[in-house]
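The values are calculated or read from the model by the stated rules, or taken from the named source; none is laboratory data. Here the structure is a predicted model, which is why all the values come from computation and not from measurement. In this analysis, Cβ positions are derived from the backbone assuming ideal geometry, glycine residues included, and neighbour counts consider all displayed protein chains. Quick note on the areas: whole protein, heavy atoms, side chains included, nothing else; ligands and nucleic acids left out. Shrake-Rupley method; radii C 1.70, N 1.55, O 1.52, S 1.80 Å.
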Amino acid sequence: MKLLSWNVQWGRGMDGRVDIARILRTIHQLGDFDVICLQEVAVNFSGLPGSQGEDQVAQLSAGLPGYTAIYGIATDVPDGQGGRSLFGNAIFSRLPVGQVWRHLLPWSAEPDTPSMQRVLVEAVVTTAIGPLRVMTTHLEYYSQRQREIQIDAIRRLHREAYAMSQ
């Protein structure tokens, strides 16, 4: 199985341009992946630098035919025009997808530290050797304390999943 995990930062390149087509070209150039985990995928989020409010899940899905798209929303806020701006992580799988979970990770208050809600997206895919759990997340960047709390939550989720499989 070939898996790619990439923080695409809402498609923004080093040049500051948001270009999902460029992300897709790079994915295809890197290889032929069975599962692709992407962090920081936005939908209708024109407030992000360089963004025009693209539906990046739809764009990525169109550029990855044959893949099942699973989107986990961490941030869901009004866009100021009657709609919603969404931000989260995605798994794209061309392997058969079974159960899917979306877990909001702990978000402890730290008034002096910038932070945002984080999500863990989990899916069970069917491989040649049996079912496999695939998880993707993006831990808090600015706060080590919050990262540690989030890691503890992921460990708990793993223990629970393991116990359920016995």
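A compact table of results
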| item | result |
| --- | --- |
| Residue match in the range 38-47 (condition: at pLDDT below 95 and more than 21 Å from THR136 (Cβ to Cβ)) | yes |
| Failed criterion for GLU110 (all others in (1) more than 16 Å from ILE36 (Cα to Cα); (2) among the charged types (D, E, K, R); (3) touching a strand residue (DSSP E or B) at 6+ places or on another chain (Cβ under 6 Å) hold) | (3) |
| Residues (assigned to a loop (DSSP other than H, G, I, E, B) and either surrounded by 12 or more Cβ atoms within 10 Å (Cβ to Cβ) or β-branched (Val, Ile, Thr) (or both)) located in the range 143-166 | SER143 |
| Any hit, the range 9-28, residues being modelled with pLDDT of 95 or more, in a helix (DSSP H, G or I), within 26 Å of SER143 (Cβ to Cβ) and open to solvent by 40 Å² or more (accessible area, probe 1.4 Å) | yes |
| Residues within the range 105-121 that are over 22 Å from ASP55 (Cβ atoms), of a type outside the set (S, T, N, Q) and surrounded by fewer than 21 Cβ atoms within 10 Å (Cβ to Cβ), tallied | 7 |
| Selection count where residues are open to solvent by 70 Å² or more (accessible area, probe 1.4 Å), assigned to a loop (DSSP other than H, G, I, E, B) and not small (Gly, Ala, Ser), scope the range 50-104 | 5 |
| Yes/no for ASP34 being open to solvent by less than 60 Å² (accessible area, probe 1.4 Å), free of Cβ contacts under 8 Å to residues at least 40 places away in the same chain and among the charged types (D, E, K, R) | no |
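One line per residue, one yes/no per condition, for (1) more than 18 Å from the chain's Cα centre (by Cα); (2) free of Cβ contacts under 8 Å to residues at least 60 places away in the same chain:
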residue	(1), (2)
THR75	no, yes
PRO78	yes, yes
ASN89	no, yes
ARG102	no, yes
LEU120	no, yes
VAL134	no, no
TYR141	no, yes
LEU157	no, yes
TYR162	yes, yes
